[in-house]
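The block underneath contains the structure these notes are about, expressed in structure tokens.
The values are calculated or read from the model by the stated rules, or taken from the named source; none is laboratory data. Bear in mind that the values here come from a model prediction, so they are computed numbers and not experimental data. A quick note on method: Cβ atoms are made from the backbone with ideal geometry, for glycine too, and the neighbour counts reach across all protein chains shown.
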Amino acid sequence: MENHTDIETLLTKYFEGKTTPPENEQIEAWLNADEEHLHIARQLNTLYLAVDTQHITKKIDTEKALDKVKSKTKVRNLSWWGWTQRIAAILSVPLLIGVLALYPGRRQPVVTAQMVEIKTNAGMTTSVLLPDSTVVHLNSESSLRYPTFFAGDVRQVELNGEAYFDVTHHPRKRFIVSTPHHSQVEVYGTSFNVEAYGNETPISTTLIKGSVGFIYKNNKGKFQKSMLSPRQKLVYSPQTGDIKCYVTSGESEISWKDGKLIFNDTPLDEVLHMLGKRFNVEFVLSNKELKGCSFTGTFTHQRLERIMEYFRISSRIRWRYIDSADIKTEKLKIEVY
């Protein structure tokens, strides 16, 4: 490979399994030329499997990396490493021992699927491009586990938290989202939102377009499937096994992915739940009579204090911060009264 463009192009094709036998020989020759080349390939493969390759290749200066190899500079100083630190999530990728392993002599590369886990911190969101080009937006305090490539006739991911999926249609490969409490969303090429936190009930699925089936354990302890139509929201209670379906525009349920909060005659407890996720705070509703209140409004990238002041002015609601004994280990608490 004569220059960094050849390296980038061939390595990308190689990770996708699209190289020809002569190209494989070129790559193997390059890997065998220097031990650091193998290290570079492993690092590139890790990033390729975890995030959008197009974003990565725009940031990689392979020629400069090779110059650093020649001068014995450690590869971890490559400029693209700083880019990965800006991902608004905790990215857990297994070490590539077994992902890009070579037999003795490094003649035949073997790639096996590993699980990648994306986690978002409290009050943060991120987006993920899956191996099949499905786009996932991950909400606050959520995690998504998925394989580095989908084998067989099922594309299955695991969600704990809230996410919006824009699934790439594949007529022969079902897409399944596994959630806590033994429930699943079976997808047929569609856009939908799922909220399924392991420590919270209920679980909800909102279908924007396409078709999904929600598989759950009913109140008789048996699994059954309920199909959703666009603009429907299904709410499932794992404790009772009951489900309820509502008609919705979907705006309120998916507004978080665009940095918005949209309330449309939304009950106060649901409003506080959404605000708690967005701003990483815990609300204490001391005046139970306020549960009957509902709110309508749209907030885009506004501070929590401004939103709460809007509620105070437009209703009889009052609020205040509650002092915490250890602010480092607890969420900020707000009393609503």
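Listed by first and then second residue, the pairs with beta-carbon distance under 6 Å, at least 6 apart or on different chains, first residue in the range 161-175 and under 14 Å from residue 209 (Cβ atoms), second hydrophobic (A, V, I, L, M, F, W, C), are 164/254; 165/136; 165/192; 166/135; 167/175; 167/187. One residue stands out in the range 180-214 among those that are among the hydroxyl-bearing types (Ser, Thr, Tyr) and modelled with pLDDT of 95 or more: the one that is nearest to the chain's Cα centre (by Cα), namely 191.
Can you pull out every residue in the range 281-304 that is closer than 18 Å to residue 122 by Cβ and modelled with pLDDT of 90 or more? Give the steps one after another, and end with the answer.
At the first step, the residues of the range 281-304 found to be closer than 18 Å to residue 122 by Cβ are 281-284, 301, 303-304.
Once the filter is applied, which keeps residues that are closer than 18 Å to residue 122 by Cβ and modelled with pLDDT of 90 or more, the range 281-304 yields 281, 282, 283, 284, 303, 304.
Screening residue 141 on (1) under 22 Å from residue 122 (Cα atoms); (2) among the charged types (D, E, K, R); (3) without any contact (Cβ under 8 Å) to a residue 24 or more places away in the chain shows it passes everything except condition (3).
Every condition in (1) assigned to a loop (DSSP other than H, G, I, E, B); (2) more than 20 Å from residue 115 (Cα to Cα) is met by residue 262 except one, and the failing one is (1). Where in the range 110-175 are the strands (runs of 3 or more DSSP E), entirely inside, with at least 1 residues that are of a type in the set (D, E, K, R) and either crowded, with 22+ Cβ neighbours inside 10 Å or on the phi > 0 side of the Ramachandran plot (or both)? Where strands (runs of 3 or more DSSP E) fall fully within the range 110-175 and carry at least 1 residues being of a type in the set (D, E, K, R) and either crowded, with 22+ Cβ neighbours inside 10 Å or on the phi > 0 side of the Ramachandran plot (or both), they are 154-166.
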